[in-house]
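Read the structure below first, then the notes.
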Amino acid sequence: MEPIIPTLRSLPRLDLLELLAVLCEPDSAREDETSEELADRLVSQLNRLLGIDPGDDALLERHVVSRLANGLKVDYDPTMSTAEIRLRLARQISDCVIEDLRPFVLVAVCVGWSDGRLSPEEIAVMDAALSRLKLLSRRRGELLALCAQPISAAQLSHVLTPIAGDDQKAWSVLALGWAVALADLETLPAEEETFFQLAAHLGVDRDRARALKELVARRFYDSLEDRLGSGRGPRPRALAQATMAAITAAELDSYLRARTGLKSLSLILSSPCRLSAGDWDSTDALDAMLDSDSWVGAPAVLAGALFLRRLGGDELSQHLLVLALTCLERSPQR
């Protein structure tokens, strides 16, 4: 993990504006401000929030890293160097995100396999999102290995039952599961029955599960029709964006803002999918989505919302975490 403050100073203007909206009031930047001026103002705001005298970026780095390490319960010795604590923080972030993502991937795999096969499109929906955060780049295979063989709803009961008390997480897990089932544009009775079995393990009754399934499907097909009908972009990207539209049926955007106080969600939502025009089969789509500059989908949104909750009511640490994740994502891949 590269140092946060130097990376922050090198961020593009759009990222700086978004982070200022997180740490300050929205629309507080002037149009004539340069990227350097925005970065200086962002650093000054961080100094004020952390009670540090301006002019010492190394001290600011130490305070940001330590505040996040304490909030995320990273085991470290205060005598360690900032670089050592930052490395432990990066590892903890990776472990926490994987822990939060695992039930989502398991449910998606369970629903996807219930028709007898997991299509490339269904795998792509999950893997495209996992490529979004560089902190997952070396561990993405750990989650994708779950796609290798079928898993039944009964086998997931021990994973899902503890989630039943968290209504928002249960709702979100189900929304992603059905969005993945829709990704290959074909849903079968076996997938639907699996969906309802999973809902039962999550404590969601059949009527509510049916309502969610219908809402996710409506969002998916409305979005797909809009993109394909207007001729905007190739089919794989339209499918990816339709899946993203479907998962927002779980209202993670509103939930994240309400629970964390964040004023911006775009930092952890999406990046453009670089697909040229032309005919694409499922393998082409999968390859494109696995690219380092690929589109990101629902799991990153879900993980982002749930991950930030680990900091409870500590709004400042939540904002610092968004800043750290942004710098982590924008720093050079190693």
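The values are calculated or read from the model by the stated rules, or taken from the named source; none is laboratory data. Here the structure is a predicted model, which means the values were calculated and not measured. Neighbour counts are summed over all protein chains in view; Cβ atoms, including those assigned to glycine, are modelled from backbone coordinates with ideal geometry.
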Residue satisfying condition, being of a type outside the set (Gly, Ala, Ser), out of contact with any helix residue (DSSP H, G or I) (no Cβ under 7 Å at 6 or more places or on another chain) and either assigned to a helix (DSSP H, G or I) or touching a residue at least 24 places away in the same chain (Cβ under 8 Å) (or both), within set LEU11, LEU46, LEU87, LEU68 | LEU87
Answer yes if at least one residue in the stretch 22-30 is assigned to a helix (DSSP H, G or I) and either of a type in the set (S, T, N, Q) or without any contact (Cβ under 8 Å) to a residue 24 or more places away in the chain (or both), and no otherwise.
-> no
May I ask you to verify whether ARG210 is at pLDDT 90 or above, over 19 Å from ALA154 (Cα atoms) and not aromatic (Phe, Trp, Tyr)?
-> yes
When you scan the stretch 316-334, how many residues do you find that are hydroxyl-bearing (Ser, Thr, Tyr) and modelled with pLDDT of 80 or more?
-> 1
With the condition kept exactly as written, say whether any residue in the stretch 147-155 is in contact (Cβ under 8 Å) with a residue 60 or more places away in the chain, closer than 14 Å to ARG117 by Cα and part of a helix (DSSP H, G or I).
-> no
Residue among LEU19, LEU14, LEU89, LEU42 that alone is within 20 Å of ARG330 (Cα to Cα) and loosely packed, with under 13 Cβ neighbours inside 10 Å | LEU14
